[in-house]
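Chemist: Here it is: the structure, laid out below.
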Amino acid sequence: MHVDLVLNGELTAIECADNELILDVVRERLGLTGTKRSCDMEVCGSCTVLLDGLAASACTTLVAEADGKELVTIEGLSDGDELNPVQQAFVDHAAVQCGFCTPGMIMSVQALAMDHPDADDETISEYLSGTICRCTGYVKILEAARQVISE
Ligand code: FES
Ligand code: FES
């Protein structure tokens, strides 16, 4: 099938099978390896992307579902070497250890900032709960998310 979408700001045409997943296409065919694969069953959040501004699991979302939509991966957030505010907040608060969950975590906070610019801690925690971090203990991630919300 043929899919037209806006990928990280660029009009993109993709020929794909009906059952191809966004995660496979962005990582294996388009070289956008910032989106991570772990559980492959919409549990860990490491593959989180934005589809029309909403957080979506790339491991369970078909490319076909992105037809006519805007898809943003972690590579689409920065402006060249300039980090976006969420990425910068993670750097400022050292909210990274091994880094595996970080792209998904950043995409979740990006979705949060767009959906709830005045989010309280409960709402922040709700958004972060969709992404599992095995390293940091979440405190610094929460601090980074708070910085984004307060800006
Ligand atoms: S790899 Fe998609 S949610 Fe875990
Ligand atoms: S920083 Fe290692 S899994 Fe989150």
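The values are calculated or read from the model by the stated rules, or taken from the named source; none is laboratory data. No experiment lies behind these values; they were computed from the predicted model shown. For neighbour counting, all protein chains shown are included, and Cβ atoms are generated from backbone atoms with ideal geometry for every residue, glycine included.
Chemist: Of these, D67, D18, D40, D52, which one is surrounded by fewer than 17 Cβ atoms within 10 Å (Cβ to Cβ), within 13 Å of the chain's Cα centre (by Cα) and not assigned by TED's automatic domain parsing to the domain that holds R146?
Modeler: Of the residues listed, the single one that is surrounded by fewer than 17 Cβ atoms within 10 Å (Cβ to Cβ), within 13 Å of the chain's Cα centre (by Cα) and not assigned by TED's automatic domain parsing to the domain that holds R146 is D52.
Chemist: Now a separate question. Mind listing just one residue for me: the one in the stretch 106-131 that is touching a Gly at 6+ places or on another chain (Cβ under 8 Å) and part of a loop (DSSP other than H, G, I, E, B) and, of those, surrounded by the most Cβ atoms within 10 Å (Cβ to Cβ)?
Modeler: Applying the filter and picking the extreme gives T131.
Chemist: Could you pull out the residue among G31, G99 that is over 15 Å from the mean Cα position of the chain (by Cα), part of a loop (DSSP other than H, G, I, E, B) and away from ligand 1 (no atom under 14 Å from the Cβ)?
Modeler: Criteria check complete, one pass: G31.
Chemist: Related question: Given the options L23, L5, name the one that is more than 16 Å from ligand 2 (Cβ to nearest atom) and assigned to a strand (DSSP E or B).
Modeler: From the options L23, L5, the qualifying one is L5.
Chemist: Follow-up. Could you check the stretch 132-146 and list, in sequence order, the residues that are surrounded by 12 or more Cβ atoms within 10 Å (Cβ to Cβ) and at pLDDT below 95?
Modeler: C135, T136, Y138 - these are the residues of the stretch 132-146 that are surrounded by 12 or more Cβ atoms within 10 Å (Cβ to Cβ) and at pLDDT below 95.
Chemist: Does G80 meet the test of being within 16 Å of ligand 2 (Cβ to nearest atom), under 30 Å from E28 (Cβ atoms) and either of a type in the set (G, A, S) or outside the structural domain of L51 (by TED's automatic domain parsing) (or both)?
Modeler: no
Yes/no per residue for (1) within 14 Å of ligand 2 (Cβ to nearest atom); (2) closer than 15 Å to G34 by Cα; (3) in contact with a strand residue (DSSP E or B) (Cβ under 7 Å, 6 or more places away or on another chain):
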{"site": "G68", "(1), (2), (3)": "no, no, yes"}
{"site": "E75", "(1), (2), (3)": "no, yes, no"}
{"site": "G99", "(1), (2), (3)": "yes, yes, no"}
{"site": "P103", "(1), (2), (3)": "yes, yes, no"}
{"site": "V139", "(1), (2), (3)": "yes, no, no"}
{"site": "V148", "(1), (2), (3)": "no, no, no"}
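Chemist: Check off (1) over 23 Å from R134 (Cβ atoms); (2) out of contact with any helix residue (DSSP H, G or I) (no Cβ under 6 Å at 6 or more places or on another chain) for C39 and give me the number that stays unchecked.
Modeler: The one condition C39 does not meet is (1).
Here is a yes/no grid of residues against (1) touching a Cys at 6+ places or on another chain (Cβ under 6 Å); (2) over 30 Å from M1 (Cβ atoms); (3) outside the structural domain of E15 (by TED's automatic domain parsing); (4) of a type in the set (K, R):
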| site | (1), (2), (3), (4) |
| --- | --- |
| S57 | yes, no, no, no |
| V63 | yes, no, no, no |
| D92 | no, yes, yes, no |
| C101 | yes, yes, yes, no |
| I106 | no, yes, yes, no |
| Q110 | no, no, yes, no |
| H116 | no, yes, yes, no |
| A119 | no, yes, yes, no |
| T136 | no, yes, yes, no |
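Chemist: Can you find even one residue in the stretch 41-59 that is within 9 Å of ligand 1 (Cβ to nearest atom), among the hydroxyl-bearing types (S, T, Y) and in contact with a strand residue (DSSP E or B) (Cβ under 8 Å, 6 or more places away or on another chain)?
Modeler: Yes, that holds for at least one residue.
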